[in-house]
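Shown next, in structure tokens, is the structure this report addresses.
The values are calculated or read from the model by the stated rules, or taken from the named source; none is laboratory data. Everything numeric in this text was worked out from a predicted model, so none of it was measured. A quick note on method: Cβ atoms are made from the backbone with ideal geometry, for glycine too, and the neighbour counts reach across all protein chains shown. Note: accessible area is taken over every heavy atom of the protein model, side chains too, but ligands, DNA and RNA are not part of it. Shrake-Rupley method; radii C 1.70, N 1.55, O 1.52, S 1.80 Å.
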Amino acid sequence: MTNGLLGFLVFFPFPAGLLSYWLGSMKTKKEIHPCGRSVAVVSVALEFAAALYVFAGFLSGSFGGGTLDLLLPEVCGFGLGFTMDGFRAVYALVSAFMWMMTMLLAGEYFRHHAHVQRFYLFFLFTLGATMGVFLSADLFTTFLFFETMSFTSYVWVAQEEDEASLRAASTYLAVAVIGGLVMLMGLFLLYGQFSTLVISELRNAVLTEHDKGVTYLAGACMLFGFGAKAGAFPLHIWLPKAHPVAPAPASALLSGVLTKTGIYGILVLSCNLFYQDKLWGAWILAIGVITMFGGALLGVFSVDLKRTLACSSMSQIGFVLVGVGTAGILQEENLLVTNGIFLHMINHSLIKLVLFMAAGVIYQNTHRLDLNSIRGFGRKKPLLKGIFLTGALAIAGIPFFGGYVSKTLLHEAIAECGGGSMMTAAEWLFLCSGGLTVAYMAKLFVAIFIEKNADAARQAEYDTPGPYMNRVSGFALSGSAAVLFLWGLIPKLTMEPVARLGHAFLRFGGPLHEVHYFSIGNLKGAAVSIGIGALVYGLFVRRVLRKKQEGYRNVWPEWLDLENLLYRPLLLKILPTIARILCRVMDSAADTLVVFLRKSVYRDSPLPYEHTEEGNLLTYILGRLMNFFQSIYNVFHTKKHRRDYVAILADRNEEFKETNRIIGRSLSYGLLLFGIGLVLTFVYLIWW
């Protein structure tokens, strides 16, 4: 029965989504039937209850410290495999909790939106696909659900169907599809190298390998795919575009959970294929540092609420990747960083749940996200102010909040790597990124909850007493903020027991020494980041970004957009042009070779200049018929026509056959037939 819960967690949301859509499509008095939403709410509640039951079993040791496994053989040829250990139990619970809370907010958020039932359908589909990724026991299952998740979540980004959302959705889908195709190449290489894709078997398979180069190539391909979903540099371009246009419940899940599926894949690679591999660790560390600092820098410059939170997500993913890279460099001394990686993943998920839902409440009241427009909205809203402040302090790494604990563990691990130039630079960029986080969160909080709006009438409207969210939304936000606050307030009772559940998955290296989170040394590191943040806020945000007359200004250069500067020209113009030129050269080369052989070796005889009497029955009949009509025409007109259409059509027939022979020898024709053959083979395989 317990193993059956794995199947329930993965597959139950799919029929639940269909039932919700069907019931919601039934209209009463031109309104959407409430049963559709009710089914969606009950479904996510049942999913959360099942995940909580399994998590409690692992936390209490009821499963004997082992795993739960479910195998569905012969599905898609390879079969589907699912497993549940402590790490997966935690993220199944986090995912289900976030889906439940965002579902509660969605009722009020979508009150006046169109296509609500479509959103609920793909909302539940994505829940099942996400569970399939986190609970996958082999990389084939991971890939199938990973790609399913990408396509179902695409609808979230395109939900509003305006120009901005459709463009952002196309960027999101393009990154997901390209990443998935590259990942598939990596899976082919990996299976060819080890003849297995089962995650638990990869570590032993690597120990007996002979060609390390193939393993690195396969790992690089899969890192490309997983990194694209995680939002790692340089594949982060979808994050700042998708979050501002997606509905707030979707943004919370895109940032808090879907990016973690990419991190999950990177951890599978790092903890199995490249366990204690310093070269791999250094590469992940470099990507992490760029992602961490780049996202924080973008967050400081942004003057859009949800875009700032999206850039923040990029930065926090970078913090996690820095931890993954540091673990590879430390090798067997990866004690602190293992806990830091896992806890910062959880912290970021819970923080972004709180912050994006708060942003959703602000948007549904103002229908704006620009800081100048929403400035002063929360001045007289103490509940919303406290909720947002909880998330802001946690992500900024302020002591007594969850982000402080996980960042302290990551910082200590970096310090343990020694004083080499690379690690010294990484440590300072780590502290600077933490400072930039403080600066952009202070910018958001001050603008929304302390400053007054430049428009006095708008500020008076914001300050007017009245409900700005219903009780269900209030419960979703308050409950999420309370969980986040208690989670960070007593880390010895909350964080450390949960962190131990991830040790087996993360291949924890040994006994963990006592960590004094609030020692002078650890507080000093937090103080450095807070000091850097105060300087950036005071000297840059207040003096450069914010002007008394203009408000907050967007001073980031418009041309410095990686998507428009590099990716779109490269993929839509440069590469297609190069491909066309290469194909034309190859086709012309083949045709030139054929003509050369005909004129030299084979010495084809030219077509005779005189009319040929050859042809076929059709050309002969048509020619005689046209000659007959010509003779009738000549009877009534002085200008006589004297053409032998039998001979003319015979010549045209011979030229047509010769042209077909030339085309039949060309490369283009061969490629066309090859493509048709591939399509027919693909259709046959699917039909079979």
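With respect to Leu535, is the statement that it is touching a Ser or Thr at 6+ places or on another chain (Cβ under 8 Å), open to solvent by 80 Å² or more (accessible area, probe 1.4 Å), among the hydrophobic types (A, V, I, L, M, F, W, C) and on the phi < 0 side of the Ramachandran plot true? Talk me through it step by step, then tell me what you get.
Details: touching a Ser or Thr at 6+ places or on another chain (Cβ under 8 Å): no; open to solvent by 80 Å² or more (accessible area, probe 1.4 Å): yes; among the hydrophobic types (A, V, I, L, M, F, W, C): yes; on the phi < 0 side of the Ramachandran plot: yes.
When the stated conditions are applied, Leu535 does not pass them.
Residues of the range 37-83 being aliphatic (A, V, I, L, M), under 29 Å from Tyr21 (Cβ atoms) and open to solvent by less than 20 Å² (accessible area, probe 1.4 Å), which ones?
Within the range 37-83, the subset aliphatic (A, V, I, L, M) is 39-42, 44-46, 49-52, 54, 56, 59, 68, 70-72, 75, 80.
This time we only want the ones that are under 29 Å from Tyr21 (Cβ atoms), so: 39-42, 44-46, 49-52, 54, 70, 72, 75, 80.
Passing the criteria: Ala40, Val44, Ala50, Ala51, Val54, Leu80.
When you scan the range 434-474, how many residues do you find that are among the aromatic types (Phe, Trp, Tyr) and either at pLDDT 90 or above or closer than 22 Å to Ile532 by Cα (or both)? Quick ask: steps written out before the conclusion?
Step one: filter the range 434-474 for residues among the aromatic types (Phe, Trp, Tyr), giving 440, 445, 449, 462, 468.
If we keep only those that are either at pLDDT 90 or above or closer than 22 Å to Ile532 by Cα (or both) as well, we get 440, 445, 449.
Residues meeting the conditions: 3.
Would you pick out the residues in the range 254-286 that are among the aromatic types (Phe, Trp, Tyr) and either part of a helix (DSSP H, G or I) or free of Cβ contacts under 8 Å to residues at least 12 places away in the same chain (or both)?
Within the range 254-286, Tyr264, Trp280, Trp283 meet the criteria.
In the list Leu223, Leu207, Leu202, Leu190, which residue meets the criterion of being aliphatic (A, V, I, L, M), without any contact (Cβ under 8 Å) to a residue 40 or more places away in the chain and out of contact with any Lys or Arg (no Cβ under 9 Å at 6 or more places or on another chain)? Steps first, answer last, please.
Values: Leu223 fails: without any contact (Cβ under 8 Å) to a residue 40 or more places away in the chain; Leu202 fails: without any contact (Cβ under 8 Å) to a residue 40 or more places away in the chain; Leu190 fails: without any contact (Cβ under 8 Å) to a residue 40 or more places away in the chain.
Of the residues listed, the single one that is aliphatic (A, V, I, L, M), without any contact (Cβ under 8 Å) to a residue 40 or more places away in the chain and out of contact with any Lys or Arg (no Cβ under 9 Å at 6 or more places or on another chain) is Leu207.
Results for (1) buried (at least 17 other Cβ atoms within 10 Å of the Cβ); (2) of a type in the set (A, V, I, L, M), shown as yes or no for each residue.
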position: Ser165; (1), (2): yes, no
position: Leu173; (1), (2): yes, yes
position: Gly180; (1), (2): yes, no
position: Gln193; (1), (2): yes, no
position: Leu197; (1), (2): yes, yes
position: Glu201; (1), (2): no, no
position: Leu207; (1), (2): no, yes
position: Ala218; (1), (2): yes, yes
position: Gly225; (1), (2): yes, no
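Conditions (1) touching a Phe, Trp or Tyr at 6+ places or on another chain (Cβ under 6 Å); (2) of a type in the set (Gly, Ala, Ser); (3) in contact (Cβ under 8 Å) with a residue 24 or more places away in the chain, marked per residue:
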position	(1), (2), (3)
Gln364	yes, no, yes
Arg368	no, no, no
Gly386	no, yes, yes
Leu389	no, no, yes
Ala394	yes, yes, yes
Glu416	no, no, yes
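Taking the range 146-163 as the region of interest, how many residues are touching a residue at least 24 places away in the same chain (Cβ under 8 Å) and either open to solvent by less than 20 Å² (accessible area, probe 1.4 Å) or basic (Lys, Arg) (or both)?
8
Regarding the range 491-501, can at least one residue be identified that is among the basic types (Lys, Arg), modelled with pLDDT under 80 and either under 29 Å from the mean Cα position of the chain (by Cα) or open to solvent by 30 Å² or more (accessible area, probe 1.4 Å) (or both)? If you could, list the steps in order and put the result at the bottom.
Just the residues of the range 491-501 that are among the basic types (Lys, Arg), to begin with: 492, 500.
Within this subset, residues satisfying the condition of being modelled with pLDDT under 80 are none.
No, that holds for no residue.
Have a look at Ile362, Ile398 and point out the one that is under 31 Å from the mean Cα position of the chain (by Cα), within 28 Å of Met100 (Cα to Cα) and in a loop (DSSP other than H, G, I, E, B).
Matching residue, one of Ile362, Ile398: Ile398.
Go through Thr464, Thr437 for me and flag whichever is in contact (Cβ under 8 Å) with a residue 12 or more places away in the chain and either surrounded by 23 or more Cβ atoms within 10 Å (Cβ to Cβ) or farther than 30 Å from Ile290 by Cα (or both). Explain how you work it out, then say what you get.
On the way: Thr464 fails: in contact (Cβ under 8 Å) with a residue 12 or more places away in the chain.
Of the residues listed, the single one that is in contact (Cβ under 8 Å) with a residue 12 or more places away in the chain and either surrounded by 23 or more Cβ atoms within 10 Å (Cβ to Cβ) or farther than 30 Å from Ile290 by Cα (or both) is Thr437.
Within the range 380-390, is even one residue among the hydroxyl-bearing types (Ser, Thr, Tyr), open to solvent by less than 10 Å² (accessible area, probe 1.4 Å), touching a helix residue (DSSP H, G or I) at 6+ places or on another chain (Cβ under 9 Å) and at pLDDT 90 or above? Write out each step before concluding.
Within the range 380-390, the subset among the hydroxyl-bearing types (Ser, Thr, Tyr) is 390.
Imposing the further condition that a residue be open to solvent by less than 10 Å² (accessible area, probe 1.4 Å) reduces the set to none.
No, the conditions are met nowhere in the range 380-390.
Take Leu506 and tell me if it is under 30 Å from Ser200 (Cα atoms), at pLDDT 75 or above and open to solvent by less than 100 Å² (accessible area, probe 1.4 Å).
Details: under 30 Å from Ser200 (Cα atoms): yes; at pLDDT 75 or above: yes; open to solvent by less than 100 Å² (accessible area, probe 1.4 Å): yes.
For Leu506, the condition - under 30 Å from Ser200 (Cα atoms), at pLDDT 75 or above and open to solvent by less than 100 Å² (accessible area, probe 1.4 Å) - is met.
Quick check on Ala579: is it touching a helix residue (DSSP H, G or I) at 6+ places or on another chain (Cβ under 9 Å) and modelled with pLDDT of 70 or more?
On the way: touching a helix residue (DSSP H, G or I) at 6+ places or on another chain (Cβ under 9 Å): no; modelled with pLDDT of 70 or more: yes.
For Ala579, the condition - touching a helix residue (DSSP H, G or I) at 6+ places or on another chain (Cβ under 9 Å) and modelled with pLDDT of 70 or more - is not met.
Can you tell me which condition Ile290 does not meet? The list is (1) within 20 Å of the chain's Cα centre (by Cα); (2) open to solvent by less than 20 Å² (accessible area, probe 1.4 Å), and all the others hold.
Here Ile290 meets the rest and fails (2).
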